[in-house]
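Visitor: Attaching a single structure in structure tokens format; questions to follow.
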Amino acid sequence: MKNPPHPGVSIMENCLRPAGLNVSQAARILGVARHTLSRVLHGHAGISPEMALRLEKAGWSNAEFWLRRQTSYDLAQVRRTEDQLRVERYRPETAA
């Protein structure tokens with residue numbers, strides 16, 4: 001399965017760089033601490049619903065887009081270790 005990049009990479013490449021913004025400037029626009037945005041951009045934190053809405057309000061796509069990107073990334077990370085999940089398949093009892 002393809003491993004999508006962390007959505008923070010997309011924020012940096014598609015939002016900040018084209019606008020000529022650095023992390024501090026973008027954090028001010030989004031109304032968050034520089035450290036908070038930096039953690040997202042470098043893949044150390046995910047995009048929360050609140051951050052997704054902030055990105056939308058700044059004019060950088062819509063919240064649903066960012067949350068889908070985060071969910072795709074998270075699922076790909078879990079699938080890398082899915083063989084370690086010990087789950088029993090549910091089989092309803094059949095009536096005799």
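Visitor: Quick check: convex hull of the Cα atoms in the chain, volume per residue, rounded to a whole Å³?
Guide: 137 Å³
Visitor: OK, next. For R39, put the label point 7 Å out on the Cα→Cβ axis and report which residues of segment 68-82 keep their amide N under 18 Å from it.
Guide: In segment 68-82, the label zone of R39 (backbone N under 18 Å from the point 7 Å along Cα→Cβ) covers 70-71, 74.
Visitor: What do you get for trypsin sites (Lys or Arg not before Pro) in segment 1-54 restricted to DSSP loop and a cutoff of at most 12 other Cβ within 10 Å of the site's Cβ?
Guide: The qualifying sites are K2.
Visitor: Using just the C-alpha positions of segment 23-68 as equal point scatterers, what log10 of I(q)/I(0) does the Debye formula give at each q in 0.15, 0.31 1/Å?
Guide: -0.32, -1.22
Rule-based calculations on the coordinates, nothing more; no lab input. The structure presented is a predicted model; accordingly, all values stated were derived computationally and were not measured. Neighbour counts run over all protein chains shown; Cβ positions are idealised from the backbone, glycine included.
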